[in-house]
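Asker: What follows is a single structure, and I will ask about it in a moment.
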Amino acid sequence: MKFTSVEEATYWLLNQVNPIPRPDMTKMYQALDYVQNPHQHLPVIHITGTNGKGSNVAYLRDLLMSQGFSVGSFTSPHIERFNERITFNHQEIPDEDLIRLTNRLVDLNDYMEKNSEYGRLIYFELFTIMACLYFQEKQPDICLIEAGIGGMHDCTNVLEGQVAIITSIAMDHADMLGETLEEIALEKAGIIKDGRPVVTGLIQASPLAVIDKWAQDHHAKHYQWDRDYGVQMVQETGPLGSQFIMRSAHFLAQDLQVTIGMMGDHQIHNATTSLEAFMAWMALEDRVINWPKAITSLASTHWIGRLEKIHAQPAIYLDGAHNMEGLMALKQVVAENLKDYQITLLYGGLKKKNQKEQIPLLLSFPVEEVYLTSFNHFEAMGQKDFEEILAQKGLAGSRPASYLPDWQTFLMDYIRDHQDQKQDLLLITGSLYFVSEARAFLKQHRQTAE
């Protein structure tokens, strides 16, 4: 079987499943050995955390490229097309390379099925190996690798990170990572390597203690938010981003003034964590930082599907706030950065998420209207699912929320009816799958209109 199109290749990749569990990294090492171990000798910054991984990758990529380094990045999920997951210097993996490498992976999976007790590789294992193969060819100065889920048992943990980043710890994927914050923290701490530094973002004391003990046991220098670095002062925050002053006990002789273009306190935290990790890596490499170029790069950093302005007038924003921590951060942005707008909120979520807590939180947003909808995913919340939650004691009669069976028509009507209203804003949020679908629809609408 040889693929000749991206559609064929990505369909095959996304449909590779295997019921046999992978208890450790043995399966990954077997597979990597068959393709001549492309993961070895790749310079890596490894990033995990409940939220903020993608934003940290975005900030770090721009910081490192501002210093003249070539940068590979591996992230998930994709918003618009599969190629987004693997990039080199901001450029997505070309279609021809994706097809060529997928054909190699078909051969690899045939080998695994015949020779490994664990059987075939599943889609994320294949994505990870594809990234290793591509980066081996491109030879970037540094690879930014985002863990899929967790850390210790995530297939990206075959890579030896020079610096580890743990952005945040919250309850998500509890069925896979653990029922407590401490258990989740231990799983994520597993990306810390012996003698290699780790930078942690804003994390509660108890899970932070778990990470700190792991770092100590592995002789890893631990740079903690607040103790070792942080924000001295937020000078300005609004729809165009934030200005703040950063401090770092180990890497800055004097405080640093920073401007970012992404909104919200959580993005201030992400940018500051990225800066600390950037400085830690530069120190390891014994490099001098060109600060004017570094600071300039942060002002233009963006990340698709994360408070992304997709339509100018009326203003339409997309944000993949798919768990409690993400929604709480979004609520703060609405209350502080977007407080001057008349906001309508459109939400689509997955059944497997904690919707019994997320929907009440949505209803507390300081917005004019809340609409709930479904989308093209087998686990998408439907009208009945929403109604069951809205009927909970204490929710009935709180804030009215309407169900939209046809969100596409609603979007078209909203754009038509509000195009002259500068203070009106539509915020589309929830599952990244929904945000991806809405983004594609809006882009198509814009192209048709043009």
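The values are calculated or read from the model by the stated rules, or taken from the named source; none is laboratory data. Computed from a predicted structure; not experimentally measured. Cβ coordinates were reconstructed from backbone atoms using ideal geometry, including for glycine residues, and neighbour counts include every protein chain displayed.
Asker: Name the residue that is modelled with the lowest pLDDT, counting only residues in the stretch 73-101 that are part of a loop (DSSP other than H, G, I, E, B) and in contact with an Asp or Glu (Cβ under 6 Å, 6 or more places away or on another chain).
Answerer: It comes out as His78.
Asker: Now for a different question. Taking the stated definitions as given, is Ile145 touching a helix residue (DSSP H, G or I) at 6+ places or on another chain (Cβ under 9 Å), at pLDDT below 95 and of a type in the set (A, V, I, L, M, F, W, C)?
Answerer: On the way: touching a helix residue (DSSP H, G or I) at 6+ places or on another chain (Cβ under 9 Å): yes; at pLDDT below 95: no; of a type in the set (A, V, I, L, M, F, W, C): yes.
The answer is no for Ile145.
Asker: Could you say which residue among Ala189, Ala215, Ala205 is without any contact (Cβ under 8 Å) to a residue 40 or more places away in the chain, aliphatic (A, V, I, L, M) and farther than 23 Å from Glu146 by Cβ?
Answerer: Within the list Ala189, Ala215, Ala205, the selection yields Ala205.
Asker: If a residue must be under 26 Å from His78 (Cα atoms) and either modelled with pLDDT under 95 or within 26 Å of the chain's Cα centre (by Cα) (or both), how many such residues does the stretch 409-449 contain?
Answerer: Summing the residues that are under 26 Å from His78 (Cα atoms) and either modelled with pLDDT under 95 or within 26 Å of the chain's Cα centre (by Cα) (or both) in the stretch 409-449 gives 26.
Asker: With the structure loaded, tell me whether His46 is surrounded by 22 or more Cβ atoms within 10 Å (Cβ to Cβ), under 28 Å from Asp286 (Cβ atoms) and out of contact with any Ser or Thr (no Cβ under 8 Å at 6 or more places or on another chain) or whether it fails that test.
Answerer: So His46 fails the test.
Asker: Do you know which residues across the stretch 288-336 are assigned to a loop (DSSP other than H, G, I, E, B) and more than 19 Å from the chain's Cα centre (by Cα)? I'd like the intermediate steps shown before the answer.
Answerer: Taking the stretch 288-336 and keeping what is assigned to a loop (DSSP other than H, G, I, E, B), we get 288-290, 300-307, 312-314, 320-323.
Residues satisfying the conditions are Val288, Ile289, Asn290, Ala312, Gln313, Pro314.
Asker: Across the stretch 102-151, what is the number of residues that are part of a helix (DSSP H, G or I) and of a type outside the set (Asp, Glu)? Write out each step before concluding.
Answerer: First pass over the stretch 102-151, keeping only residues part of a helix (DSSP H, G or I): 102-115, 123-138.
Of the ones still in play, those that are also of a type outside the set (Asp, Glu) are 102-106, 108-109, 111-112, 114-115, 123-124, 126-136, 138.
The total comes to 25.
Asker: Any idea which residue in the stretch 249-300 is nearest to Gln232 (Cα to Cα), counting only those that are out of contact with any Ser or Thr (no Cβ under 7 Å at 6 or more places or on another chain) and charged (D, E, K, R)?
Answerer: Taking the candidates together, the pick is Asp255.
Asker: Checking His377 against (1) surrounded by fewer than 21 Cβ atoms within 10 Å (Cβ to Cβ); (2) more than 19 Å from Ala321 (Cα to Cα): exactly one of these is not met. Which one?
Answerer: Going through the list (1) surrounded by fewer than 21 Cβ atoms within 10 Å (Cβ to Cβ); (2) more than 19 Å from Ala321 (Cα to Cα), His377 breaks only (2).
Asker: Okay, moving on. Only residues that are closer than 24 Å to Asp172 by Cα and crowded, with 20+ Cβ neighbours inside 10 Å: list them for the stretch 324-349, please.
Answerer: Residues satisfying the conditions are Gly326, Leu327, Ala329, Leu330, Val333, Val334, Leu345, Leu346, Tyr347, Gly348, Gly349.
Asker: For the stretch 262-281, which positions are outside any helix (DSSP H, G or I) and in contact with a helix residue (DSSP H, G or I) (Cβ under 6 Å, 6 or more places away or on another chain)?
Answerer: Met263, Gly264
Asker: Identify, by number, the condition in (1) within 22 Å of the chain's Cα centre (by Cα); (2) within 16 Å of Phe135 (Cα to Cα) that Asn51 doesn't meet.
Answerer: Condition (2) is where Asn51 drops out.
Asker: If the Cβ limit is 8 Å and pairs must be 6+ apart or interchain, which residue in the stretch 316-340 that is more than 16 Å from Leu426 (Cβ to Cβ) and not assigned by the TED database to the domain that holds Asp265 pairs with which residue that is in a helix (DSSP H, G or I) and polar (S, T, N, Q)?
Answerer: Pairs that qualify, where the first residue is more than 16 Å from Leu426 (Cβ to Cβ) and not assigned by the TED database to the domain that holds Asp265 and the partner is in a helix (DSSP H, G or I) and polar (S, T, N, Q), are Asn323/Gln358; Met324/Gln358; Leu327/Gln358.
Asker: Looking at Gln16, Gln36, Gln67, can you tell me which residue is in contact with a helix residue (DSSP H, G or I) (Cβ under 8 Å, 6 or more places away or on another chain) and either surrounded by fewer than 17 Cβ atoms within 10 Å (Cβ to Cβ) or closer than 20 Å to Gly161 by Cβ (or both)?
Answerer: Among Gln16, Gln36, Gln67, only Gln67 is in contact with a helix residue (DSSP H, G or I) (Cβ under 8 Å, 6 or more places away or on another chain) and either surrounded by fewer than 17 Cβ atoms within 10 Å (Cβ to Cβ) or closer than 20 Å to Gly161 by Cβ (or both).
Asker: Suppose the filter is at pLDDT 95 or above, surrounded by fewer than 22 Cβ atoms within 10 Å (Cβ to Cβ) and part of a strand (DSSP E or B); does Thr259 pass it?
Answerer: yes
Asker: Condition first: in contact (Cβ under 8 Å) with a residue 60 or more places away in the chain and within 30 Å of Tyr59 (Cβ to Cβ). Now tell me which residues in the stretch 86-101 satisfy that. Explain how you work it out, then say what you get.
Answerer: Looking only at the stretch 86-101, we keep the residues that are in contact (Cβ under 8 Å) with a residue 60 or more places away in the chain, and these are 95, 98-99.
Once the filter is applied, which keeps residues that are in contact (Cβ under 8 Å) with a residue 60 or more places away in the chain and within 30 Å of Tyr59 (Cβ to Cβ), the stretch 86-101 yields Asp95, Leu98.
Asker: Counting just the residues of the stretch 84-107 that are surrounded by fewer than 20 Cβ atoms within 10 Å (Cβ to Cβ) and among the hydrophobic types (A, V, I, L, M, F, W, C), which one comes out nearest to Asn15 (Cα to Cα)?
Answerer: Val106
Asker: Got a sec? Which of Leu362, Leu307 is over 20 Å from Glu80 (Cα atoms) and buried (at least 21 other Cβ atoms within 10 Å of the Cβ)?
Answerer: Selected residue: Leu362, the only one of Leu362, Leu307 that is over 20 Å from Glu80 (Cα atoms) and buried (at least 21 other Cβ atoms within 10 Å of the Cβ).
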